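*Asks:* Here it is, the structure, as structure tokens.
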Amino acid sequence: MEVVNLINEILNDFYIKTDVKYKIHKSVNLSLVRYFNFRLKYIAKVPRKIMISKELLVSIKNLKNLNILSLLQIFDRASKGLDLNPFQSKQSFNSNVHDSLFNDWAIHHLHISHEKVTDQDFFNRRTGPLLFVRFTDDTAYFIDIKSHNDKNVWSNRDFIRILKNNWPKSIERFEAGFRIYPDLDDSDIGILRKKGFLFGINVDDKSYLLLGHGQATFGDNMMASELANNVWRWVGENRNLI
């Protein structure tokens, strides 16, 4: 019990300092899972190589009233390793909110504004157009801009198609090597995600599995569950030390 209280105290201190919304659960393992849910969504502040898709360039050219200054600032901050988290959704700092697009395909969405409603705000002003990007440790793949209101925007296979057509090697290791059945469309993907299913997808001539960390039945990031289990296993093995 003392160990459980210690873990909860550490998590509580962390959330208060970072102003992250949280809930300490009866199960300490679930509390750890939700902590790692947040940490995985958090965009690490490291310099990255900037890659911009052909499709995004077309969107930039065609979209009216696009905040070009904010878009350029996002590119600049990504290249310099400056904080991009203020461009994220406010719910990204809620450890109990699941981001199924990120969990399933490891794709973030950013609001295209560098302005804040008040000087005290951490997050920038919300926008209708969203910039979709896939981050790795050293590269930011800027995919495309879509609207909140676009049909199936959170399960649009065009994001994977753009990655495949522009930077095939970046997702090559996730290729299944066989055709996946049933052949899910964008609507099917959105429905199955909400029900907690784990599945692969077909995109043109390629099929992919686990492009992201995966999503557990209750919506948690599967990597978050694995990391939580690793912590709890270490605690069990080192109880005397603690």
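The values are calculated or read from the model by the stated rules, or taken from the named source; none is laboratory data. Being a predicted model, the structure only gives us computed values, none of them experimental. Don't worry about glycine lacking a Cβ; one is built from the backbone with ideal geometry, like all the others, and counts go over all protein chains shown. Only protein heavy atoms, including side chains, enter the accessible area calculation; ligands, DNA and RNA are left aside. Shrake-Rupley method; radii C 1.70, N 1.55, O 1.52, S 1.80 Å.
*Asks:* Yes or no: the stretch 129-140 includes at least one residue that is exposed (fewer than 13 other Cβ atoms within 10 Å of the Cβ) and closer than 20 Å to ASP205 by Cβ.
*Replies:* No, the stretch 129-140 has no match at all.
*Asks:* Using the structure shown, decide if VAL28 is aliphatic (A, V, I, L, M), surrounded by fewer than 20 Cβ atoms within 10 Å (Cβ to Cβ) and more than 18 Å from the chain's Cα centre (by Cα).
*Replies:* no
*Asks:* Can we say TYR35 is among the aromatic types (Phe, Trp, Tyr) and open to solvent by less than 50 Å² (accessible area, probe 1.4 Å)?
*Replies:* Yes.
*Asks:* Given the options LEU198, LEU184, name the one that is modelled with pLDDT under 90, in contact with a strand residue (DSSP E or B) (Cβ under 8 Å, 6 or more places away or on another chain) and in a loop (DSSP other than H, G, I, E, B).
*Replies:* LEU198
*Asks:* Evaluate the stretch 182-195: report whether one residue or more is within 30 Å of LEU11 (Cβ to Cβ), open to solvent by 70 Å² or more (accessible area, probe 1.4 Å), out of contact with any Ser or Thr (no Cβ under 8 Å at 6 or more places or on another chain) and of a type in the set (D, E, K, R).
*Replies:* Yes: one or more hits.
*Asks:* Right, here's the next one. Just checking, does the stretch 161-172 include any residue being closer than 19 Å to HIS111 by Cα and not hydroxyl-bearing (Ser, Thr, Tyr)?
*Replies:* No: the stretch 161-172 contains no residue that is closer than 19 Å to HIS111 by Cα and not hydroxyl-bearing (Ser, Thr, Tyr).
*Asks:* I'd like the residue in the stretch 32-77 that is in contact with a Ser or Thr (Cβ under 6 Å, 6 or more places away or on another chain) and among the charged types (D, E, K, R) and, out of all such residues, is farthest from VAL3 (Cα to Cα).
*Replies:* Filtering the stretch 32-77 for residues that are in contact with a Ser or Thr (Cβ under 6 Å, 6 or more places away or on another chain) and among the charged types (D, E, K, R), the one farthest from VAL3 (Cα to Cα) comes out as LYS49.
*Asks:* Scanning the stretch 158-168 for residues that are of a type outside the set (Lys, Arg), open to solvent by less than 50 Å² (accessible area, probe 1.4 Å) and part of a helix (DSSP H, G or I), which turns out farthest from ASP186 (Cα to Cα)?
*Replies:* ASN166
*Asks:* Then there's this: Say we look at the stretch 120-157 and pick out the residues that are in a helix (DSSP H, G or I) and in contact (Cβ under 8 Å) with a residue 40 or more places away in the chain; which of these is farthest from ASN65 (Cα to Cα)?
*Replies:* In this case the residue turns out to be SER155.
*Asks:* List pairs: first residue in the stretch 50-71 and hydrophobic (A, V, I, L, M, F, W, C) and in a helix (DSSP H, G or I), second residue open to solvent by 50 Å² or more (accessible area, probe 1.4 Å) and at pLDDT below 95 anywhere in the structure, Cβ distance under 8 angstrom, at least six positions apart or on different chains.
*Replies:* Here the result reads LEU69/HIS114, each pair linking the stretch 50-71 to a residue that is open to solvent by 50 Å² or more (accessible area, probe 1.4 Å) and at pLDDT below 95.
*Asks:* Return the pairs, sorted by first residue and then second, in which the second residue is aliphatic (A, V, I, L, M) and loosely packed, with under 13 Cβ neighbours inside 10 Å, the first residue lies in the stretch 1-24 and is under 25 Å from ASN238 (Cβ atoms), the beta carbons are less than 6 Å apart, and the residues are 6+ apart or on different chains.
*Replies:* VAL3/ILE242
*Asks:* OK, next. Considering the stretch 227-241 alone, what residues qualify as being open to solvent by 100 Å² or more (accessible area, probe 1.4 Å) and within 15 Å of LEU30 (Cα to Cα)?
*Replies:* Going residue by residue through the stretch 227-241, those that are open to solvent by 100 Å² or more (accessible area, probe 1.4 Å) are 233-234, 237, 239-241.
If the condition is that a residue be open to solvent by 100 Å² or more (accessible area, probe 1.4 Å) and within 15 Å of LEU30 (Cα to Cα), then ARG233 is the only one that fits.
*Asks:* Go through the residues of the stretch 203-214 one by one and say whether even a single one is surrounded by 14 or more Cβ atoms within 10 Å (Cβ to Cβ) and under 30 Å from VAL3 (Cβ atoms).
*Replies:* Yes, the conditions are met somewhere in the stretch 203-214.
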